[in-house]
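Read the figures in this text as sums done on the coordinates, not as results from a lab. Everything numeric in this text was worked out from a predicted model, so none of it was measured. Every residue, glycine as well, gets a Cβ built from its backbone with ideal geometry; the counts of neighbours run over all protein chains shown.
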Amino acid sequence: MARNATAEGELPREFAEARFSRLYEDHEREILRYALRRSAEPQDAADVVAETFLVAWRRLGEVPVGEEARLWLYATARRVLANHQRGIKRRTRLAERLREELRRQLPLQPASDRPVLDALAGMADADRELLMLVGMEEFSPSEAARVLGISTMAARTRLHRARRRLRARLGEEWEEKQRNEIEMGEAR
Amino acid sequence: MRAREIDLKLQEADRFSAQEMEWLELGPAEAALAEAIVTEPADDGTAEAAPIPWRSADRRRRGRLLGLAGTAAAAAAAVILLVLGGGSQSPPRAYGAELVRFAESTPLLLLEGPDWRVQNVFQVSSREGLEGSMEFVTGPPIPYESTKISADYTVSGMAPKAVRQRKVELSWRQGELEFPAPPGAPAVRPVESPVLGTTGLVNPRAERLYIFTRTGERRIDLGGPGDRQMVGIWKEGGRLLEMRAWVSNFADFKERLNWLTKVDSETWLDAMPAKVVKAADHDATVREMLKGIPLPATFRPSRVPDGGLTTNRYQVGAAVTGTVSCLWFRQWGQARRTGDRAAAAEAEKAMATSRRWPILREMAKDGAYPSLVWQLAAAMPSGEWRRGWRLLPHAEALGCARQGIPVLPWKQRRQNERAEISGRPLDLRP
């Protein structure tokens, strides 16, 4: 029953737990969403979330305060995801229950029927990540820059180019779709 | 296509829109993950994933206040016994077997200093076993203290030195005879001291706190010369005992250690404030507390749990208001699932009056339970505890499942399955 700010050893842990639960409550859902968007299978996202918050717990002293904490978590989740994509995938027992729930509630989606996702999938990793951070996570270019560890100026420039490339890809697909429809019409 | 149109297309293509995420029933799994993480030992195995080095965009930015009282509400539901009030001068009484059993589950210790008395007794049953504490005071009662340390490391909410030094806290739990220092903080250099026929360890400078900051640990001194907090620990019967007190010097602390006396259960119960042992009229108290509270059709006074030992008004109040609130939250959850707007509105309207419930207003002086009820009630219209967080899993923090009124559908199913296995009739009441 540590009610007072008086314990040496005990209180920092209380602080740590209070801070961690605040971080977790405020940001776990969005980190999960971030991971789901980038994971091949929904249950992989559970491991990304678990590992991201485990890093946060173990490095709580390094987690900045306020809005910066959110960016720090995204940056950490991005590194965890990068490790997963390099094959350093951890199946942590911590995430067992969340993994099972995601597997049950989000069965593997069929191949995308959304041209934007197809177009994104064919783009370079750096372009895709920047487009998603701004378009889906709704970060400003300067916030996305913080997550990616690049300068705001670099993020703006890259974003401009990435949008141009995506536009071009969507244009190609649009034209291809139109062509297909015309060919099908002629075949009939 | 302009930049904005590109972003809109990306949002439209998102398979995990806010609305789709809302359908996911992940609350218990997410809570289990958080709980598992904070019990993880330190290990560098995952450290490489941290974004290093992280440089703050605005180093002048200050953090928000870190509150220390936030977990009080969750703890309240698990309390076996809590008493507040003056000392007992009553003649010896015969105690019921249940009270004697309870007394014997504690270390049966009293602080027999001149004019010192018991102010508080608290024991919870945790996964590790029984954990409890007692507060001894001299002079006027000492109210609940909530200390805060702000982002610029100023401390507020501490009682004055003269008040702090009128209190001694004794606690017991499972644990080792050691003072673990937080990572980065200097090791505690304990002093040996005799206590209750054994040798204990005393940390004579426990008023020094070490907190996490971006630049490392930071030390905060809550005391000063003539105003030290000391903590003594020793083992007894497999459990760790701890005495914590603000004192002028080590001699004062040793004197308080010497006052600790092992007693029998009757002497221990005699030392409790009178209202613990007066077999309070539970039903009359419940009726009195229900005044001013709108009750759902499913409410029966018999649904309020009577722990037998819960004689403190705060605990009875938590049981009463918890029962009523859980029933309203259960009705609200079912109504929202079935689209019964009238029933949902009725529950919201009833809970909106909770700020005026006399018993909650009375309890607010002693703890955080009323504040939890009010926050949950205020979140009903939106259905979210915080943005993106569904309300019902948080309503369970009132102890609904423990009181036999689970508000989450999966908990209701599990309760009914258990009832079926045990052969008891199913609880199909709403």
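Within the stretch B:229-269, whose backbone N sits under 12 Å from a point 7 Å along Cα→Cβ of residue B:177?
B:233-241
If you count, for every residue in A:70-83, the Cβ atoms of partner chains within 10 Å of its Cβ, what is the mean?
3
So for the pair residue A:93, residue B:163, with labels modelled 7 Å out along Cα→Cβ, what separation do we get in nm?
Distance between label points: 4.7 nm.
Please compute the modelled spin-label separation between residue B:410 and residue B:375, points set 7 Å along Cα→Cβ, answer in nm with one decimal.
It is 2.3 nm.
Would you mind calculating the gained length between residue B:255 and residue B:8 on full extension (0.36 nm times residue separation, minus the Cα-Cα distance), in nm to one decimal?
Here the segment from residue B:255 to residue B:8 would lengthen by 81.7 nm.
Let's test the formula: R0 of 22 Å, r as the Cβ-Cβ distance of residue A:26 and residue B:22. What FRET efficiency results, to the nearest 0.05?
E between residue A:26 and residue B:22, to the nearest 0.05, is 0.80.
If amide H atoms are built 1.01 Å from N in the plane of the peptide, which residues on other chains or at least 5 residues away come under 5 Å of the amide H of residue B:260?
B:112
Over 28 Å between Cα atoms: which of B:262/B:365; B:235/B:365; B:349/B:411; B:161/B:365; B:365/B:411 fall into that group?
Violating the 28 Å Cα-Cα cut-off are B:262/B:365; B:235/B:365; B:365/B:411.
Kindly put B:329, B:102 in sequence by how many other C-beta atoms sit within 10 Å of each C-beta, fewest to most.
Ordered from fewest to most neighbouring Cβ atoms within 10 Å, B:329, B:102 come out as B:102, B:329.
Taking neighbour counts of Cβ atoms within 10 Å as a proxy for exposure, in what order, fewest first, do A:48, B:100 appear?
Lowest to highest Cβ neighbour count: B:100, A:48.
Can you tell me the FRET efficiency between residue A:104 and residue B:291 if r is taken as the Cβ-Cβ distance and R0 is 41 Å, rounded to the nearest 0.05?
About 0.35, to the nearest 0.05.
Other chains' Cβ within 10 Å of A:49-59 residues: what's the mean?
6
Magnitude of the Cβ-charge dipole of the stretch A:11-108, K/R +1 and D/E -1, about the Cα centre, nearest 20 debye?
420 debye
In percent, how large is the relative contact order of the stretch B:280-422, given Cα pairs closer than 8 Å and 6 or more residues apart?
Reported relative contact order: 24 percent.
For residue A:17 and residue A:126 in one chain, what is 0.36 nm times their gap in residues minus the Cα-Cα distance, to one decimal in nm?
35.7 nm
What residues qualify as long-range amide H neighbours of residue B:385, i.e. H under 5 Å apart, gap of 5 or more or another chain, H built at 1.01 Å from N?
Correct list: B:390, B:391.
Assuming R0 = 30 Å, what is the FRET efficiency of residue B:353 and residue B:130, from their Cβ-Cβ distance, to the nearest 0.05?
Rounded to the nearest 0.05, the efficiency is 0.20.
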